[in-house]
Amino acid sequence: MFALRNIGTPAAVDALAAGFSDDSALFKHEIAFVFGQLLSAHAVPSLLKVLQNSQESDMVRHEAAEALGGIATPEALPYLKEWMQRPDAPRVVRESCQVAIDMWEYENSGEFQYADGLESSKQTVEV
């Protein structure tokens, strides 16, 4: 799995994505985690499929959402927003989508540091 991550080509991403058909939720969770490290836009369609699959383990869907937030492609955002608000979505999926949206916004912001609490507290003090 990690060798494929290090290769990082679309063919390697496809090989990893094929693992989403495995029965092991832990294995699929690890694939989604690796996609979050790889940050390949080529992984987005398979991650969206996992996120939207209500038959999939919540743990796998949670990791898929966070990977989508890190990859931060434009097509992922509407799905993250939808699943964050769906009343029928498991709580962990909704909350993971909320975190993923925050990650997505940061990745698309041009900011140097993610969740810079010191900077925001500094601005509050200056006001």
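Among Ser21, Gly110, Val44, whose Cα sits farthest toward the positive end of the charge dipole of the range 2-126 (+1 at Cβ of Lys/Arg, -1 at Cβ of Asp/Glu, about the Cα centre)?
Ser21
Helix-derived [θ] at 222 nm for the chain: sum -39500 (n - 2.57) over DSSP H runs of at least 4, divide by residue count, nearest 500?
Details: 8 runs with 89 residues, N = 127.
Taken over the chain, the calculation gives -21500 deg cm²/dmol.
Listed highest first by mean packing, meaning other Cβ atoms within 10 Å per residue, what order do 84-90, 70-76, 59-65 come in? Each step should come with its number before you reach the end.
On the way: 84-90: 13.0, 70-76: 17.6, 59-65: 25.7.
Ranked from most to least packed, the peptides come out as 59-65, 70-76, 84-90.
So I have (i) 1.13; (ii) 1.28; (iii) 2.45, and one of them is Cα Rg over 2.2 N^0.38 Å calculated from this model. Which one is it?
Checked against the structure: label (i).
Mean separation of Cα pairs under 8 Å and 6+ residues apart, divided by the residue count of the chain: what relative contact order is that in percent? Don't skip to the end; give the middle numbers.
On the way: 159 pairs, mean separation 24.3, N = 127.
This gives 19 percent for the chain.
Determine, for Ser96, Ser54, Ser46, the number of other Cβ atoms within 10 Å of each Cβ, and report the residues in order from fewest to most. Walk me through the numbers before you get to the answer.
Numbers: Ser96 27, Ser54 12, Ser46 21.
Ascending number of Cβ neighbours within 10 Å: Ser54, Ser46, Ser96.
Expressed as a whole number of Å, what is the distance separating the alpha-carbon centroids of the range 73-113 and the range 1-67?
Measuring centre to centre over Cα atoms gives 17 Å.
Could you go through the range 58-73 in sequence order and give the Karplus-derived ³J(HN,Hα) for each residue, using 6.51 cos²θ - 1.76 cosθ + 1.60 with θ = phi - 60°, rounded to whole Hz, and x for Gly and Pro?
For the range 58-73, the Karplus curve yields 4, 4, 6, 5, 4, 5, 5, 4, 5, 5, 4, x, x, 5, 6, 7 Hz.
Using unit Cβ charges (K, R positive; D, E negative) and no other charged atoms, how large, in debye to the nearest 20, is the dipole of the range 38-87 about its Cα centre?
For the range 38-87, the charge dipole is close to 100 debye.
Under 10 Å from the Cβ of Val60, count the other residues' Cβ atoms, weight Lys and Arg +1, Asp and Glu -1, and hand me the total. Display every interim value, and only then the final one.
On the way: positive: Lys28, Arg61; negative: Glu30, Glu56, Asp58, Glu63.
The answer is -2.
What size of dipole, in debye to the nearest 20, comes out for the range 2-126 about its Cα centre when the only charges are +1 on Lys and Arg C-beta atoms and -1 on Asp and Glu C-beta atoms?
Working: 9 positive and 19 negative charges, 48 e Å.
For this selection, approximately 240 debye.
In nm, to one decimal, how far is the modelled label at Asn6 from the one at Ser21, with both set 7 Å along Cα→Cβ?
2.7 nm
Any read-out appearing in this document is the output of simple, stated calculations on the displayed coordinates, not a laboratory observation. All values derive from a computational prediction rather than experimental measurement. Here Cβ is always computed from backbone atoms with ideal geometry, including for glycine, and neighbour counts include all displayed protein chains.
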